[in-house]
Amino acid sequence: MTVHFIGAGPGAADLLTLRAVRLLSESPVCLYAGTYIGDEVLGHCPDGATLVDTANLHLDDIIAHCVAAHERGEDVARLCSGDPSLYSAVAEQTRRLDRAGVPWDVTPGVPAYAAAAALVGRELTVPEVAQTVVLTRAQRDSTKMPETESLAHFARSRATLVLHLAIRRTRELAASLVDDYGADCPVVVVANAEQPDQQILRGTLTDIGAQVEAAQLRQAAVIIVGWALAAEEFAESHLYGTRVRPPRG
């Protein structure tokens, strides 16, 4: 018996990996966050599967379901929104499973920022514009950020910035980035990517806060900031460029 932590991607049932679909179809128990994961994804589960919405459960309750399934000899599909490597609480859950002697593994998924970039048709790393992507979050009613990971520290790099769990502070955070990125720096906000209620906002650090407030966005959104979002005139990379090759022989 194994607990399979599975990246459910941004929410579209056809954006799961083949491995994810197979594990879902083979697991008699599925734990999922109903806030983010809908019926189409759960449609990959077998008939008669035990479906547990974890949206209102404490971590210990979630682990109790996993341990109970382990004792019954049943595999568990533990669905994580996006990719398990980002803000999924996998570290806390696997620590508890290790203590309980319950085996587990991880299957990656499409992260929210990748889905957002795809929806707006933009590469986040553009030659000589931005070659680094910073994935971070804001702090409000959550665990504190490490002292070395302040937003001001990252902003000085002018890398493409992806903010998770920050949508309720958009106006404040945008204002804090103006000095480093410029008031006209492009910003994209994608909420509920690949869901029926998907919303995409495009603006700048000057106006994106007002747009978010007008749209009444409260959760399940990522904010992408950076000049890669508007790059048109830029150098071409060497990956596919013409290069002088030494003669053979």
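For the range 121-135, what are the residues that are over 18 Å from Y240 (Cα atoms) and loosely packed, with under 13 Cβ neighbours inside 10 Å?
Once the filter is applied, which keeps residues that are over 18 Å from Y240 (Cα atoms) and loosely packed, with under 13 Cβ neighbours inside 10 Å, the range 121-135 yields only G121.
Got a sec? Which of V188, V178 is modelled with pLDDT of 90 or more and not in a helix (DSSP H, G or I)?
Of V188, V178, the one residue that is modelled with pLDDT of 90 or more and not in a helix (DSSP H, G or I) is V188.
If the requirement is being in contact with a strand residue (DSSP E or B) (Cβ under 6 Å, 6 or more places away or on another chain), under 25 Å from A221 (Cα atoms) and surrounded by 13 or more Cβ atoms within 10 Å (Cβ to Cβ), which of these qualifies: D83, D53?
Numbers: D53 fails: in contact with a strand residue (DSSP E or B) (Cβ under 6 Å, 6 or more places away or on another chain).
Within the list D83, D53, the selection yields D83.
Take L161 and tell me if it is within 17 Å of the chain's Cα centre (by Cα) and farther than 11 Å from V225 by Cα.
When the stated conditions are applied, L161 does not pass them.
Return the only residue of T206, T160 being buried (at least 19 other Cβ atoms within 10 Å of the Cβ), more than 30 Å from G34 (Cα to Cα), of a type in the set (V, I, T) and at pLDDT 95 or above.
Details: T206 fails: buried (at least 19 other Cβ atoms within 10 Å of the Cβ).
Only one candidate passes the filter, namely T160.
Given the criterion under 30 Å from I63 (Cα atoms) and at pLDDT below 95, identify the matching residue among A130, A112.
Numbers: A130 fails: under 30 Å from I63 (Cα atoms).
Unique residue meeting the criteria: A112.
E172 fails exactly one of the following numbered conditions: (1) under 29 Å from M145 (Cα atoms); (2) not hydrophobic (A, V, I, L, M, F, W, C); (3) not in a helix (DSSP H, G or I). What is the number of that condition?
(3)
Return the residue satisfying two criteria in turn: it lies in the range 209-223 and is out of contact with any helix residue (DSSP H, G or I) (no Cβ under 6 Å at 6 or more places or on another chain) and outside any helix (DSSP H, G or I), and of such residues it is modelled with the highest pLDDT. Before the answer, list the steps.
In the first step, residues of the range 209-223 are kept if they are out of contact with any helix residue (DSSP H, G or I) (no Cβ under 6 Å at 6 or more places or on another chain); the result is 210-211, 213-216, 218-220, 223.
Okay, now just the ones that are also outside any helix (DSSP H, G or I), so 216, 218-220, 223.
Details: Q216: 93, R218: 86, Q219: 82, A220: 81, I223: 97.
It comes out as I223.
The values are calculated or read from the model by the stated rules, or taken from the named source; none is laboratory data. Please read these numbers as outputs of a predicted model, since none were measured by experiment. Cβ coordinates were reconstructed from backbone atoms using ideal geometry, including for glycine residues, and neighbour counts include every protein chain displayed.
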